[in-house]
Structures are given as structure tokens and as C-alpha cells.
Amino acid sequence: MSGAARRYILHMEDHANDVDIALLKDDPSALILRHQVTIRIIVKRFIESGMFQASEFDDVVQHVNARLLEKLPRIRAQYNGLSLFRTYISSIIRHECLDLHASRESDIHTERLLADPPNPESANPDNRLLIEHDVKVFRAIIRQFHDEMPKLLVCLKLVYRIPIEPKDILAWWPGCPEPDRSAFLNAISEGGKSLPARERFALLRPIANGADNSHSSADSVRHWTDDRIHVILRLLNGSPPTSSHTPETLGILLEDFFTPFLLHRQYIPGETDNNDTA
Amino acid sequence: MKNEHSEGFFRPDGHLTEDGAALYVDALKLDRTGELPGTVLEHVKTCETCKAEVTGLFSLLADEVYAATGPHPFFDANPHPRRVTPPVLYRIAAVIVAAIGIGVLLYTLPHRPEVSQPGKSSVATRSAPDTVGQPTEQPAAPTKAAESRELMAARFTESPELEDLMKSSLRSAATDVQSPAIGARVSRGAVFRWTSSATPPYELVVLDNRDRVIRTYTTSADTLLLSDSMQAGLYYWKLLGEGNLLYVGKILMR
């Protein structure tokens, strides 16, 4: 490492990303050394997910190191400096692990994991950590729906029979007339929750059409919701699958989203960015 | 929502680049999704492929704390020149310090004529008795220094057995080591690189000069990054594959 780079690092201890960028320019090998912890954390996660065996840990870490060394010129050329380097290199490490897994076709471990799904209600501390991790991932998935999020949350509440509040409707349709809002909320609270999904979505139809300025059928909104439930489940389970979430476990995560009991964080309708320190 | 700077976030096939996915994960980690470029937000909203990419990466980093990363290169970027880079600040600081130093020197020179006397070096001036308050270097006890030198020297003494083994292993044509060269001075971060006709996995064993195993690595690649620190000294390393000794080399650890 050059003296200039070392001096630069000493003065930039609190600016980890600037240090990364300086090393990428001046001493890429030192940069890879600096990210050994990141590599180890990611490989460990892949082992926890069953994609590699614990005994392969060092081998996989060294494989990633070797690939990163090979790729350094490309990384220097392609990294555009707009994201944190730590996140960027994590993406590369992840792809290296996925590629290695694909080349080995070690599906046996995945099958074993799928045969033994995590129990969200278990008091086991390890499982507890897994649940907390899944809660964070679920929240991250929901936020990727961006401006569809308020609609999605109302529809998910309807599917999972979670009480819908006026603010949920207003987050989706800020201009929703009070009579329409009250009519729907009254209907859904007075026995509406016991209705089949199709009829519950029929109650929602006027709100959905008003909010989206459309003339959709109740079935169309229900199918839209079902489609997103499947997307969320696929995202939660990963590709290749490393979890075994079902519509039931999704319901638990959703309940926690509105009334946190797994992690501390309150969803506030209308807010896209909450103080969820991930 | 930022609408500028979005061109670097999409691949030709329309999906997010690694930078784009990384930026989205940064936003999720830092609770700043609202500041993502509109094009990125809109694309991810409807693209399951990119959602999977973002979610997969986020999942790996979900439990990591993003503290002390400094200003974010995108979210905290100033539309004007981003920031004065530290090296520039250092140069400015250096000029100021130099100017002060010259000023002090010019001020003190007339009062210290002995400095300019011929035959008196600056070193002599620095160690003169009038430098009260300056820390003076105390010579270490000769015995301790000698012991230390001996210990250090012992760590660099060659091992006759391993030297012989190294010379004999070099006759092997099946394995070609590109780095490190025999006797190369290396440090943490050194890269071992080889090609071999032996089938992986390989085992790389690092020994000290007394033939004691210090580290053992297993790898399927033909490259290995020395990620551990080791005491300065002479070390030998063995490469094994298919249960056979493929190569023996030596390195000087700084």
C-alpha cells in the first residue's frame, strides 16, 4: 500500500466508503483483504441456507477470493461509484457463491432444508434470529412495491382478515370520500370478515376503482393480490429456494408488519420510509 | 425521488446493473428508498427479476449495520462539485504548515546563529543540550537489543530439511507456481497462484522455519489469498493435491 493511500485511510476512518474507493484505485488487493469479513459473512449465510456444507467454508471463501482477484480489473472498470462499495462487492460475492452452487448442483442440502421448514413460533434462539431476518427481508420486499404499497397492504389485510383502518384507505386513495370509506369499513367490520374472499373483494371494489380511476371487477383486484402474494413468497423463499414460506407464514409476517411483535417497528400508512434500522 | 443519474443503473436488457441493485439495497438499509431515481423505483416495482436481485442481496446484508460508511455517494451527492477530496485538503494544509514553518524559521534564525555555523549538522543541533523539553532517544540496553536481534535472526534461519525438499520438489513438471517467487518478501494479502495437472481440491500448508505447521488452507481454486497476518520471519509453504506433494516454496514474511 502506498504511503499516500495509508495516510488517506488514517484520516478517513469514519468514511468507510471513501477508504474502499481509495483502495480500489491504489491497492485493490488490500481492498479484498479489507472485505474478508464481508466475504465470510456472506459465505456463512449461504452455508446457513444449506447451499454449502459447513466443512466447505474455507474452500468457498478462498474460491471467492480467487474470483475477486481475477475480476479486479473489471470491478475497477465497472463500479460507477454511486452505490456503497460494500454493497456492490457484496453483490459480486453473492453471484460468485450462486455460480459456485449452480456448478456443484448441491441440491441435496436445499432439499433437506425444505423438508424441515423453520417454525416461526419456536423459542429456539437460532430460529428467533432466522425469524428476525425474515421479518427484515419481508419489509424490504414490501417496500419494493413502491407506490403500489398502500393498495397492496389494504388488499393483503383483506385477504388475511386483518382490520382495515381509515388511514389505510387514505394512504391508498387520499381523496377517498368519507361516505365511501365509511361504507366499506362498516361493511367489512360488520360480519364482512367472515365472508369469503371473493365477497370481501366485492366490497372493496368501489374503493379500488376510485383509487385507481378504473372499472375493474372484484375478481380482477383479487387476482392482482394473489399474483403479488405469489411474488412475495417467491422472493421470501429465494432462488434457488433457501426458505419454505407459505401463505400461512406470510400471514404471520404481515401481522407483524402492522403490529410488530417480532421486531420493533410500526408501519404507518402513507409513509414510504420508516425508521427501520436494518 | 431523484430522476437524474439513472442511466448507469440499467443493463442493455433493461434490468438493473449490479450498481443499480446495490443502490437499491443501500436505500433499503439506510431508509432512503424515497430518494432513489424514479426510473429505478418504477422498474423494480414491476420487475420480479430485479426484485429478486435486490431481495437476494438485501437478505445477505439484512443483519449488517451500515454505520460509519460516511456520506453516501449518491444520496448525499451535491449537485455541484461533490466535495473537496481529502488529498486536496492535505495539500492545502501542507502549504499552510510549510508557510508557518518558514515564518518561524525566519523569525528564529537570527537568534540561533550556531545553526548556520559551518561544520555543525542539523542532527548535531537536534541532540544539543539546549533542546530542553524535547524527548531524547535513550539507547536500549545492549543485552536486550542483542537478544531481540538473535530472536529475529532465528526466525529467518533456513531449515536444511525444507530447503532440500524445496529443491527436490522444483523438479516436478506437473505444477507450475506463478507466485510468490522463491524467497519473495510478502505480507498479508499475498496471492499464491499456480497451475497443476493435479485435480482439486488443493491443500496449502504454511510452515515456519522449524517445520511447524502455521496455517492450512483448502481450496478448489488455483489461487489463494493469504488473509491472515503472520509474524515476520522465514516461512515455507507446501502445495498438496490428490494426496501428493506438488510444490514447496519459501517466503519472507514482512
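State yes or no: is A:His63 at negative phi, surrounded by 16 or more Cβ atoms within 10 Å (Cβ to Cβ) and at pLDDT below 90? Walk me through how you get there before you give the answer.
On the way: at negative phi: yes; surrounded by 16 or more Cβ atoms within 10 Å (Cβ to Cβ): yes; at pLDDT below 90: no.
Against the criterion (at negative phi, surrounded by 16 or more Cβ atoms within 10 Å (Cβ to Cβ) and at pLDDT below 90), A:His63 does not qualify.
Please verify whether segment A:118-133 includes one or more residues that are at pLDDT below 95 and within 7 Å of chain B (Cβ to nearest Cβ).
The first filter runs over segment A:118-133 and keeps only residues at pLDDT below 95, leaving A:118-133.
Adding the requirement that they be within 7 Å of chain B (Cβ to nearest Cβ) leaves A:133.
Yes, segment A:118-133 contains at least one residue that is at pLDDT below 95 and within 7 Å of chain B (Cβ to nearest Cβ).
Can you give me the ranges of the strands (runs of 3 or more DSSP E) entirely in segment B:166-246 with at least 2 residues that are closer than 25 Å to A:Leu31 by Cα and free of Cβ contacts under 8 Å to residues at least 60 places away in the same chain? Explain how you work it out, then say what you get.
On the way: elements: B:175-179, B:184-186, B:191-196, B:202-208, B:213-219, B:223-225, B:233-241.
Filter on segment B:166-246 gives B:175-179, B:191-196, B:202-208, B:213-219, B:223-225, B:233-241.
Being under 33 Å from the mean Cα position of the chain (by Cα) and crowded, with 23+ Cβ neighbours inside 10 Å narrows it down to one residue among B:Val54, B:Val44; which is it? Outline the logic, then answer.
Working: B:Val44 fails: under 33 Å from the mean Cα position of the chain (by Cα).
Of the residues listed, the single one that is under 33 Å from the mean Cα position of the chain (by Cα) and crowded, with 23+ Cβ neighbours inside 10 Å is B:Val54.
Of all residues in segment A:161-176, count the ones that are within 24 Å of the chain's Cα centre (by Cα) and more than 15 Å from A:Ile188 (Cβ to Cβ).
The qualifying residues number 1.
The values are calculated or read from the model by the stated rules, or taken from the named source; none is laboratory data. These figures come from a predicted structure and were not determined experimentally. For neighbour counting, all protein chains shown are included, and Cβ atoms are generated from backbone atoms with ideal geometry for every residue, glycine included.
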